[in-house]
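Q: First the structure, then my questions, so here it is.
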Amino acid sequence: GVLGFTFAVASLFSNPVFNLPNNKAFPFAMLYGEKQSGKSALSDAMMLIQGFSPHQAAYSISGSTSVGIDRSLAYFASLMVRLDEFRTDENKTKAKETNLRSAYNRQFQVKGIKERFGVREVKIKSTIMIIGEEKPDDPAMLDRIIPIYLSVKDKTKESLKALQWLYGPLKRKTPAED
């Protein structure tokens, strides 16, 4: 949990860090592990640190389009975009790994538009949290993530108490929920 919370706070400074001389990258968090190991609970708490509602669902990595993911990465400056259900054996996920690798270096997409023979750029300003039961098997993706493994056997009463302690004060209603 400590590594996850550290990443959530560090990502708030991802744009200034990314713009430091000789630094053109910012890693992703990769929460992975067994079913019922606490990945969703930890990711909810990490998102709360950044001011998101605990009820805001993660985006499905396989159900989202590459354009949709890119636009989400452009909307939230120095905040995490949460992509869930990462699976190494799913073609839809594999197809998005190229986009994710590019996001690490903040390489953005350029789209051609018909009007005036122009282009539109989608500039990446966010960090990414990926959630799944498996860690990527692509070497380039492995170089770009901070792996955070969660296990059911590591869930103890103490860790649950710590999560509740951290989660409790952060849990608040957003104006939209009032």
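Q: Where the second residue is part of a loop (DSSP other than H, G, I, E, B) and of a type in the set (D, E, K, R) and the first is surrounded by 20 or more Cβ atoms within 10 Å (Cβ to Cβ) and lies in the stretch 76-89, which pairs have Cβ atoms under 7 Å and are six or more apart or on separate chains?
A: Matching pairs, first to second residue: Phe86/Glu134.
Q: Which residue is least open to solvent (accessible area, probe 1.4 Å), if the candidates are limited to the stretch 105-140 and must be of a type in the set (Asp, Glu) and at pLDDT 85 or above?
A: Let us first name the residues in the stretch 105-140 that are of a type in the set (Asp, Glu), namely 115, 121, 133-134, 137-138.
Right, trim to at pLDDT 85 or above and you get 133-134, 137-138.
Numbers: Glu133: 93, Glu134: 69, Asp137: 92, Asp138: 35 Å².
If we take residues in the stretch 105-140 being of a type in the set (Asp, Glu) and at pLDDT 85 or above, then Asp138 is least open to solvent (accessible area, probe 1.4 Å).
Q: Mind checking which pairs have a first residue in the stretch 15-30 that is farther than 12 Å from Tyr104 by Cα and open to solvent by less than 20 Å² (accessible area, probe 1.4 Å) and a second that is of a type outside the set (Phe, Trp, Tyr) and outside any loop (DSSP other than H, G, I, E, B), Cβ under 6 Å, 6 or more apart or different chains?
A: Met30/Ile130; Met30/Ile145; Met30/Pro147
Q: Any idea which of Ser11, Ser64 is free of Cβ contacts under 8 Å to residues at least 40 places away in the same chain, hydroxyl-bearing (Ser, Thr, Tyr) and under 19 Å from Arg144 (Cβ atoms)? Give the derivation first.
A: On the way: Ser11 fails: free of Cβ contacts under 8 Å to residues at least 40 places away in the same chain.
Residue meeting the stated conditions: Ser64.
Q: Pairs, please: C-beta under 9 Å, at least 6 apart or cross-chain, first residue in contact (Cβ under 8 Å) with a residue 40 or more places away in the chain and surrounded by 17 or more Cβ atoms within 10 Å (Cβ to Cβ) and in the stretch 31-50, second part of a helix (DSSP H, G or I) and charged (D, E, K, R)?
A: If the second residue must be part of a helix (DSSP H, G or I) and charged (D, E, K, R), the pairs left are Leu31/Lys39; Tyr32/Lys39; Gly33/Lys39; Gly33/Asp154; Ser37/Lys153; Ser37/Asp154; Gly38/Asp154.
Q: Within the set of pairs 6+ apart or on separate chains, which have a first residue in the stretch 105-131 that is under 15 Å from Ser66 (Cβ atoms) and without any contact (Cβ under 8 Å) to a residue 60 or more places away in the chain, a second that is of a type in the set (S, T, N, Q) and open to solvent by less than 80 Å² (accessible area, probe 1.4 Å), and C-beta atoms under 7 Å apart?
A: Val122/Gln109
Q: In addition: Out of the residues in the stretch 147-168 that are open to solvent by less than 100 Å² (accessible area, probe 1.4 Å) and out of contact with any Gly (no Cβ under 9 Å at 6 or more places or on another chain), which is modelled with the highest pLDDT? Let's see the steps before the verdict.
A: Going through the stretch 147-168, the residues open to solvent by less than 100 Å² (accessible area, probe 1.4 Å) turn out to be 147-148, 150-152, 154, 156, 159-160, 162-163, 166-168.
Checking the rest, the ones that are also out of contact with any Gly (no Cβ under 9 Å at 6 or more places or on another chain) come to 147, 156, 167-168.
Details: Pro147: 94, Thr156: 75, Tyr167: 61, Gly168: 63.
Selected residue: Pro147.
Q: From (1) exposed (fewer than 14 other Cβ atoms within 10 Å of the Cβ); (2) of a type in the set (S, T, N, Q); (3) within 18 Å of the chain's Cα centre (by Cα), pick out the condition that doesn't hold for Ser102.
A: All conditions are met except number (1).
The values are calculated or read from the model by the stated rules, or taken from the named source; none is laboratory data. Every value quoted in this text rests on a predicted model; they were computed, and no experiment measured them. A quick note on method: Cβ atoms are made from the backbone with ideal geometry, for glycine too, and the neighbour counts reach across all protein chains shown. Surface accessibility is based on the protein's heavy atoms, side chains included, excluding ligands, DNA and RNA. Shrake-Rupley method; radii C 1.70, N 1.55, O 1.52, S 1.80 Å.
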